[in-house]
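The values are calculated or read from the model by the stated rules, or taken from the named source; none is laboratory data. Remember, predicted model here, so these are calculated numbers, not experimental data. Ideal geometry is used to build each Cβ from the backbone, glycine not excepted, and the neighbour counts take in all protein chains shown.
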């Protein structure tokens, strides 16, 4: 029989008495237990609704500058902002997300009202319009997409091209106009924004006329842009990033910023938002990311024709064309009011435009 290991007088084994392989087992177990609590210091979890091809370079640049490792969670194209917002709500008791980088502002306001964000004070925030951040600094707007009309130039002449939303109800375009599902993303936000600046009966009448004009409802903004680029549709409402993708692919398309004249409603800009979560594991890292994104350096990374983001920082202008016309009127939207109207607008759109 093998000799039993020697013991101290108190009956415990000494370090030297424990076989080497058991010491390694103990070390591995302790390491695994320590790793079960989530990201370590120096790491950051970002839930990101911005397309990965556009947001990843920003995340990489932040990591390179700060040494902070970013774990990013993305979701699907058509419902990503909704899905991520719902997950944040489900995880509110034990948040896994440190920062929510969203591209659909109404869901940001929804989470703000649920008390899930904490205030942050990025060093360059005063370079941004005050209306593009929350009054309590619970979220900050950065990089906006415009809602635009993409027109197929083989099918629509410059003289025929609509100049305002109301023109889309002209029966000459019956069955020739595309629109993404108006229950998700920027199309739904556009409907709520219109409700905030129009009387409800005006919006209902416009939706009725679009339906009578047999507007085609597609799965997403990208699909609308593709259909216009291919000539399957004469025109469609979409976002600047998807419209620019067709333009840079040399499709026969033209981007039109609707309602830009002084006596019209104005061009609708929809900013990205960034917010730090209450109770998250990595608050210092979250503050560093918000500070980076809400800066000239961070926003400059989004200022390109592939991304189609219109910079909000007062030292920057779009580095791509066709950008919104200089001096063009911008729609002034109370996004808090638009969020208040969300449920009623969804009902109105379903009953008047999409149908049962």
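Annotations for the structure displayed:
- Region 97-127, subset part of a loop (DSSP other than H, G, I, E, B) and at pLDDT below 95, residue nearest to residue 142 (Cα to Cα): 103
Rundown of residues vs (1) closer than 30 Å to residue 93 by Cα; (2) at pLDDT 95 or above; (3) in contact with a strand residue (DSSP E or B) (Cβ under 9 Å, 6 or more places away or on another chain), yes/no style:
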residue	(1), (2), (3)
250	no, yes, no
255	no, yes, yes
267	no, yes, yes
271	yes, yes, yes
282	yes, yes, yes
298	no, yes, yes
306	no, no, no
315	no, yes, no
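- Only one entry in 227, 285, 246 is surrounded by 21 or more Cβ atoms within 10 Å (Cβ to Cβ) and outside the structural domain of residue 179 (by TED's automatic domain parsing), namely 285.
- Between 232, 249, 284, 288, the distinction of being without any contact (Cβ under 8 Å) to a residue 60 or more places away in the chain, over 17 Å from the mean Cα position of the chain (by Cα) and closer than 21 Å to residue 133 by Cα belongs to 284 only.
- Residue ID - surrounded by the fewest Cβ atoms within 10 Å (Cβ to Cβ), chosen from residues in region 291-318 that are touching a helix residue (DSSP H, G or I) at 6+ places or on another chain (Cβ under 8 Å) and over 18 Å from residue 59 (Cα atoms): 315
- Any hit, region 160-177, residues being out of contact with any helix residue (DSSP H, G or I) (no Cβ under 6 Å at 6 or more places or on another chain), buried (at least 21 other Cβ atoms within 10 Å of the Cβ) and modelled with pLDDT under 95: no
To keep it simple, each residue is scored yes or no on (1) in a loop (DSSP other than H, G, I, E, B); (2) without any contact (Cβ under 8 Å) to a residue 40 or more places away in the chain.
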site: 157; (1), (2): yes, yes
site: 201; (1), (2): no, yes
site: 227; (1), (2): no, no
site: 238; (1), (2): no, no
